[in-house]
1. What does the accessible area of Met299 come to, in Å² to the nearest 10, when a probe of 1.4 Å is used?
2. Can you list the residues, at least 5 places off or on another chain, whose amide H is less than 5 Å from the amide H of Ile293, using H built in the peptide plane?
3. What share of all Cα pairs of segment 20-81, in percent, falls into each consecutive 10 Å distance bin?
4. One-quarter of the Cα convex hull surface for segment 207-288, in nm²?
5. Binning every alpha carbon pair distance of the chain at 20 Å from zero, what are the percents per bin?
6. Give the distance, in whole Å, between the Cα centre of segment 128-164 and the Cα centre of segment 172-243.
7. Before I look further, what does segment 81-143 give for accessible area per residue, probe 1.4 Å, in whole square angstrom?
8. For segment 214-352, take the alpha-carbon Rg, divide it by the Kirkwood Rh, and send me Rg/Rh.
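The values are calculated or read from the model by the stated rules, or taken from the named source; none is laboratory data. Here the structure is a predicted model, which means the values were calculated and not measured. Cβ atoms come from the backbone with ideal geometry, glycine included; neighbour counts cover every protein chain shown. Just so you know, the surface numbers come from the protein's heavy atoms only, side chains and all, with ligands and any DNA or RNA stripped out. Shrake-Rupley method; radii C 1.70, N 1.55, O 1.52, S 1.80 Å.
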Amino acid sequence: MINIVVKLDEWNLSSSENIGEIAKRLIEEKKFGRNVVAVVPSSPPVNEGLEKIIYSLSDAPSERELDAIHSTNNQIASSLLSIAIQKRGFRAVSLTGWQLGMKTTRKSVGNARIHQIDGNVIIEHFKKGEIVIVAGGQGVDDEGNITLLGAGGTDTTAVAIAKSIDAERVEIYTDLDGVYTGDPNVVQQARKLKDITYDEMLELSYLGSKIVHPRAVELAKKFDIPIVVRSSTKNLRGTLIKGEIEMERNLIVRGVAYETDIIRFTVGYEILEKSSLANLFNTLAKHHVNVDIIVQSVMSEVKPTISFSIVKEDLANAVKVLEEHKEELGFQFADFEVGLAKVSIVGSGMVSNPGVAGRMFARLCQENIPVKMVSTSEIKVSVVVPQDDMIRAANALHDEFNLAEEWV
């Protein structure tokens with residue numbers, strides 16, 4: 001029989017009616033003769049309620065107990081779904097991360113990494129004719145402590161399970177019915193993609209798309225596991241994420257992504273000799289400030305500067321680090337600009353088609369949208385623009401590269 005892994009979304013588990021509907025859908029997969037594993041996420045509202053209780057008891061709860069408490073969220077959801085399947089006359093079993101044999105590292109709270117899964121546990125349940133429901137994003141470390149995988153943990157759990165049981169594919173259920181050429185809530189002419197490469201999906205995920213977490217895409221690419229992104233409510237054909245694709249109509253650019261609340265820092269130096277990239281970015285990294293785009297300006301008769309972009313959440317920490325280390329870093333001034341956004345175009349066809357960046361800049365100039373910073377790779381070009389211009393820029397670039405013509 002074919003093995004498939006389905007990663008559910010929060011909506012599927014948000015009410016008893018929704019749980020019943022997703023139970024029917026999993027049963028249909030079973031009727032088609034497939035072995036089914038469903039991986040359930042946690043519910044943020046439940047976690048928020050738990051945290052209110054936790055921090056009313058202690059200002060500094062231990063990492064071990066935090067992971068143990070938050071892991072119960074997924075476990076409850078998996079058991080409820082199992083009950084709903086059983087009510088409809090089919091066999092089902094819920095499994096926690098440790099029952100599954102999900103061994104992880106332990107770094108910091110909510111940030112563990114998978115290093116082993118015992119796929120035989122699931123196979124044994126398949127032999128009993130059971131649909132397996134797994135509490136996603138959790139496992140145990142070598143000392144038997146419950147651990148959480150953090151952001152992207154449920155997506156990553158689904159891909160890791162697929163590898164352990166040699167599944168044909170992973171299906172990711174979302175509020176959209178696939179991966180689109182742009183966010184359909186923002187880009188008016190956005191179209192669903194028939195398929196997309198791992199590398200393209202990785203770039204879109206890192207650049208602001210919330211469809212599949214990049215950790216899961218990286219793992220799927222490593223083991224060549226196909227991922228299908230589908231609607232969580234409608235049984236429609238989705239988007240296939242895989243290694244290689246046939247480029248429909250030879251489109252160079254496959255998608256547009258954006259990210260809000262970007263901040264540009266500029267650090268200025270009196271003389272070039274003091275402007276050490278290594279010292280600056282090693283210091284920021286040591287204090288957990290993630291830097292994205294970097295631009296160094298060195299011109300004769302002009303004082304050197306280094307500019308870099310960060311996300312809003314890192315602003316306070318970045319200011320603090322620079323203030324505390326100003327003397328050893330040797331810079332003269334540091335200031336920052338808020339109200340910015342990053343808009344990107346992605347496509348593996350860029351590798352063999354020069355001039356893409358030029359077209360992008362020309363169209364933005366035509367639209368009177370100033371470009372503050374630029375970053376490129378083989379398959380993407382990103383620009384930092386005023387946030388007020390973000391939606392207009394995304395729509396203009398979608399039009400410029402004819403993405404409305406993508407195969408649906």
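1. Counting only protein heavy atoms, the figure is 120 Å².
2. Residues meeting the criterion, in which the H sits 1.01 Å from N, are Ser309.
3. 18, 38, 22, 15, 6, 0
4. 10.1
5. Going out from 0 Å in 20 Å bins, the chain shows 24, 50, 24, 2 percent.
6. Using only Cα atoms, the two centres lie 21 Å from each other.
7. I get 47 Å² per residue for segment 81-143.
8. In segment 214-352, Rg relative to Rh is 1.12.
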